[in-house]
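The values are calculated or read from the model by the stated rules, or taken from the named source; none is laboratory data. This one's a predicted model, so the numbers in the text were calculated from it and none came from an experiment. Here Cβ is always computed from backbone atoms with ideal geometry, including for glycine, and neighbour counts include all displayed protein chains. What goes into the accessible areas is simple: the full protein's heavy atoms, side chains included, and nothing from ligands, DNA or RNA. Shrake-Rupley method; radii C 1.70, N 1.55, O 1.52, S 1.80 Å.
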Amino acid sequence: KDGFTVAFTKPAAAGLEAKPEVRHWGYLYHGKYGSPKVDERAVEPGAPAWSADRTRVKIPLPELVGGRVYRITLPGDLQAEGGSALTNRSLYYTLNRKR
């Protein structure tokens, strides 16, 4: 209701304090296929809250907007125990409606 929780396959060990970059946008829905992004905006997340085992992080957002695609780009210095880097730093979620 107030952000996203991201789960990892390994515990995080570095880059835990840095905030991710969050953006959202919409698309025009019409009979013709395809649409450019519309009304793209940056969102300032709150401080990340890590689980005790560092395998999940809650990314609080000031507001969630239905009908938008969210892109969360995790910090470049985020690493797993043992020093391995993330395979993918960006994740996308379409929020059809806010509950």
Which one of L95, L78, H30 is farthest out on the positive end of the charge dipole of the chain, using unit charges on Cβ (Lys, Arg +1; Asp, Glu -1) and the Cα centre as origin?
H30
Ranking by accessible area, most exposed first, for T94, T73 with a 1.4 Å probe
T94, T73
Is the shape of the chain best called rounded, prolate or oblate, per the rule: a/c under 1.5 gives rounded, else a/b larger than b/c gives prolate, else oblate, with a ≥ b ≥ c the square roots of the Cα gyration tensor eigenvalues?
prolate
For the chain, what is the charge dipole size about the Cα centre, in debye to the nearest 20, if Lys and Arg each add +1 at the Cβ and Asp and Glu each add -1 at the Cβ?
480
Ignoring ligands and nucleic acids, what accessible area does K37 show with a 1.4 Å probe (Å², nearest 10)?
100
With the chain treated as a Gaussian network of Cα nodes joined by springs under 10 Å, which of S84, S35, S51 yields the largest mean-square fluctuation?
S35
Where the chain is the region considered: accessible area per residue in Å², 1.4 Å probe
66
In a Gaussian network model over the chain where Cα atoms closer than 10 Å are linked, find which of L61, L16, L28 has the largest mean-square fluctuation.
L28
Please go through segment 1-94 and write out the chymotrypsin sites (Phe, Trp or Tyr not before Pro) that DSSP classes as loop and that have at most 12 other C-beta atoms within 10 Å.
Y29, Y33
